[in-house]
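Everything below concerns the one structure shown next.
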Amino acid sequence: MNYDYPHINDSEITDTLEDTTGSDKPRILLMGLQRSGKSSIQRVVFGKMPPNDTLYLESTTKIQKEDITRSFIDFQIWDFPGQLNFFDVTYDSQEIFGAVGALIFVIDAQDDYSDALHRLFFTVTSAYRVNQNISFEVLIHKVDGLSDDYKIDTQRDVQQRMGDMLADAQMEHIHLSYYLTSIYDHSIYEAFSKIIQKLIRELPTLENLLNVLCQNSGIDKAYLFDTLTKIYIATDSSPVDMQSYELCSDMIDVIIDIELKLIFHLFRFLKKISAQVSSPNGRLSLSDDEEEYSNGNGGDPHHAVNGNGASLRDHYDTDRDEDEDGDNQSQEQSLRRTDGVGQNEAEASSLIKLDNGDVLYMREVNRLLVLICLLRHDNFEKHGLIDYNFQCFKEAVTEVFDFSQKRNNQQQQQQMVNLAQQQSSSE
Ligand SMILES: Nc1nc2c(ncn2[C@@H]2O[C@H](COP(=O)(O)OP(=O)(O)OP(=O)(O)O)[C@@H](O)[C@H]2O)c(=O)[nH]1
């Protein structure tokens with residue numbers, strides 16, 4: 001049986017190739033059989049699509065390239081149509097696979113995956129011949145429908161069969177990493193966190209900084225999250241347990257939800273102001289105001305933004321305790337301007353007290369990154385020390401990325417100089 005890709009006609013290939021050139025950003029490729037879940041993963045993790053909406057996604061016919069902007073993760077994701085063979089001679093495989101950081105192969109675990117394994121073998125061995133630096137990642141996907149025992153058995157079976165195939169081809173030196181994933185829970189974010197971390201050059205430095213922060217502040221676990229994608233780009237060296245990771249990851253959703261509500265009310269407030277300016281008597285009636293609040297936020301006027309809207313966070317300052325979904329988890333939110341930082345460096349912080357006495361503490365490192373820590377309540381009493389250490393951590397992280405940015409710029413300039421020299425010598 002031929003497990004290679006089916007033959008594709010030329011017009012389809014040319015059509016697709018138009019999409020394959022362009023950006024210098026490191027690439028993450030999503031490959032796998034049709035309907036294995038590639039586009040769903042891309043949309044859910046990087047596009048915030050609700051998992052249920054992926055049921056209506058149409059099959060991909062061309063490479064879908066997406067620049068991950070507004071995120072710390074400065075990569076390009078390429079979603080490949082399941083039916084095309086990009087190792088065909090018609091393609092410049094050097095162009096496609098030369099600059100790849102990670103090749104993620106998605107296997108549908110709810111289906112018979114024999115064909116998928118042969119395709120995975122073909123894909124990995126072909127890509128390896130082009131670029132030996134690619135990190136190969138295998139998502140055993142859609143495991144939400146499987147029992148825990150069956151998940152483990154499936155992973156063992158996939159690993160065993162791939163290991164045998166690579167050994168038979170004397171290519172056992174190719175290393176594959178395996179993850180059990182589903183878009184319906186945290187597993188897909190956890191897997192992407194580990195995949196992306198392999199591509200971050202600054203990872204060891206960030207881990208060291210997090211270790212020092214935890215040791216000196218009584219913090220049990222700390223994650224540095226990319227706010228947009230909920231991918232954690234680094235954590236301290238204590239073991240990651242799924243429960244703490246899920247709590248921290250959920251905290252981002254809670255905060256974003258609150259911020260969105262604030263933006264919504266700010267928008268309504270500004271709309272009202274503009275209506276007031278243009279209204280004949282130039283006055284706002286109190287009854288209108290109350291109606292707005294009761295429609296929008298359950299009648300709590302303190303959720304409104306009390307300023308001129310120049311900076312949302314600069315004007316928001318509230319604490320609250322409330323029960324969450326019957327969990328009796330006490331939650332305090334405080335989005336406030338921190339003294340000692342400039343007007344433009346307003347940063348958010350947030351605190352959630354858990355039932356067992358632990359505390360989840362979030363601090364904004366910059367526009368793209370947040371630090372979320374889990375610690376015992378009595379350790380949180382040394383609040384000033386934690387805040388001071390956090391400022392030191394933040395400065396160090398900023399320095400690391402400034403340095404890395406400068407190095408990248410220098411490397412790019414050097415590459416351009418080399419290219420120009422090559423061109424002039426060949427003329
Ligand atoms: N149960 C379950 N279904 C999923 C999961 N991820 C994706 N799906 C479903 O799988 C189906 C196919 O998903 P797609 O993302 O379109 O698959 P694809 O690999 O991009 O397919 P092509 O574009 O044809 O190559 C959709 O109905 C998704 O809702 C998952 O984690 N669990």
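In this structure, does LEU166 turn out to be at pLDDT 90 or above, within 16 Å of the ligand (Cβ to nearest atom) and in the same structural domain as ILE28 (by TED's automatic domain parsing)?
Working: at pLDDT 90 or above: yes; within 16 Å of the ligand (Cβ to nearest atom): no; in the same structural domain as ILE28 (by TED's automatic domain parsing): yes.
Spelling it out, it is not the case that LEU166 is at pLDDT 90 or above, within 16 Å of the ligand (Cβ to nearest atom) and in the same structural domain as ILE28 (by TED's automatic domain parsing).
Of the residues ASN418, ASN366, ASN389, ASN409, which is part of a loop (DSSP other than H, G, I, E, B) and polar (S, T, N, Q)?
Selected residue: ASN366, the only one of ASN418, ASN366, ASN389, ASN409 that is part of a loop (DSSP other than H, G, I, E, B) and polar (S, T, N, Q).
I'd like the full set of residues that are small (Gly, Ala, Ser) and either under 21 Å from the mean Cα position of the chain (by Cα) or surrounded by fewer than 21 Cβ atoms within 10 Å (Cβ to Cβ) (or both), limited to the stretch 85-117.
Keep residues of the stretch 85-117 that are small (Gly, Ala, Ser), which gives 93, 98-99, 101-102, 109, 114, 116.
Result: SER93, GLY98, ALA99, GLY101, ALA102, SER114.
Any idea how many residues of the stretch 194-234 are closer than 22 Å to ASP378 by Cα and of a type outside the set (A, V, I, L, M)? Spell out the reasoning first.
As a first pass, look at the stretch 194-234 and keep what is closer than 22 Å to ASP378 by Cα: 210-223.
Now drop any that are not of a type outside the set (A, V, I, L, M), which leaves 211, 214-218, 220-221, 223.
Of the residues in that region, 9 qualify.
Do the conditions hold for LEU180, that is, is it under 23 Å from ALA116 (Cα atoms) and not in a helix (DSSP H, G or I)? Walk me through how you get there before you give the answer.
Working: under 23 Å from ALA116 (Cα atoms): yes; not in a helix (DSSP H, G or I): yes.
So LEU180 passes the test.
Would you point out which residue out of SER135, SER147 is small (Gly, Ala, Ser) and touching a residue at least 12 places away in the same chain (Cβ under 8 Å)?
Working: SER147 fails: touching a residue at least 12 places away in the same chain (Cβ under 8 Å).
Result of the check over SER135, SER147: SER135.
Looking at (1) at pLDDT 85 or above; (2) within 10 Å of the ligand (Cβ to nearest atom), can you tell me which one ILE28 breaks?
Of everything listed in (1) at pLDDT 85 or above; (2) within 10 Å of the ligand (Cβ to nearest atom), ILE28 misses just condition (2).
Kindly indicate which of GLU58, GLU66 is part of a loop (DSSP other than H, G, I, E, B), modelled with pLDDT under 90, of a type in the set (Asp, Glu) and within 16 Å of the ligand (Cβ to nearest atom). Give the steps one after another, and end with the answer.
Values: GLU66 fails: part of a loop (DSSP other than H, G, I, E, B).
Matching residue, one of GLU58, GLU66: GLU58.
In the stretch 84-136, what residues are more than 15 Å from the ligand (Cβ to nearest atom) and within 19 Å of SER40 (Cα to Cα)?
Once the filter is applied, which keeps residues that are more than 15 Å from the ligand (Cβ to nearest atom) and within 19 Å of SER40 (Cα to Cα), the stretch 84-136 yields only ALA102.
For the structure I just gave you, tell me whether PHE192 is touching a Phe, Trp or Tyr at 6+ places or on another chain (Cβ under 7 Å) and either within 16 Å of the ligand (Cβ to nearest atom) or not hydroxyl-bearing (Ser, Thr, Tyr) (or both).
Numbers: touching a Phe, Trp or Tyr at 6+ places or on another chain (Cβ under 7 Å): no; either within 16 Å of the ligand (Cβ to nearest atom) or not hydroxyl-bearing (Ser, Thr, Tyr) (or both): yes.
Here the answer is no, as PHE192 does not meet what is asked.
Considering GLN197, GLN159, which residue is away from the ligand (no atom under 16 Å from the Cβ) and under 22 Å from LYS48 (Cβ atoms)?
GLN197
Assess whether ILE219 counts as being in contact (Cβ under 8 Å) with a residue 24 or more places away in the chain and more than 19 Å from THR398 (Cβ to Cβ). Steps first, please.
On the way: in contact (Cβ under 8 Å) with a residue 24 or more places away in the chain: yes; more than 19 Å from THR398 (Cβ to Cβ): yes.
Criteria met by ILE219.
Taking ILE41, is it within 16 Å of the ligand (Cβ to nearest atom), at pLDDT 80 or above and closer than 22 Å to ASN131 by Cα?
On the way: within 16 Å of the ligand (Cβ to nearest atom): yes; at pLDDT 80 or above: yes; closer than 22 Å to ASN131 by Cα: no.
In short, no.
From the list ALA304, ALA275, which one is at pLDDT below 60 and farther than 16 Å from VAL370 by Cα?
On the way: ALA275 fails: at pLDDT below 60.
The conditions single out ALA304.
The values are calculated or read from the model by the stated rules, or taken from the named source; none is laboratory data. Quantities reported herein were computed from a predicted structural model and do not represent experimental measurements. Heads up, the Cβs are rebuilt from the backbone with ideal geometry, glycines too, and the neighbour counts pull from every protein chain shown.
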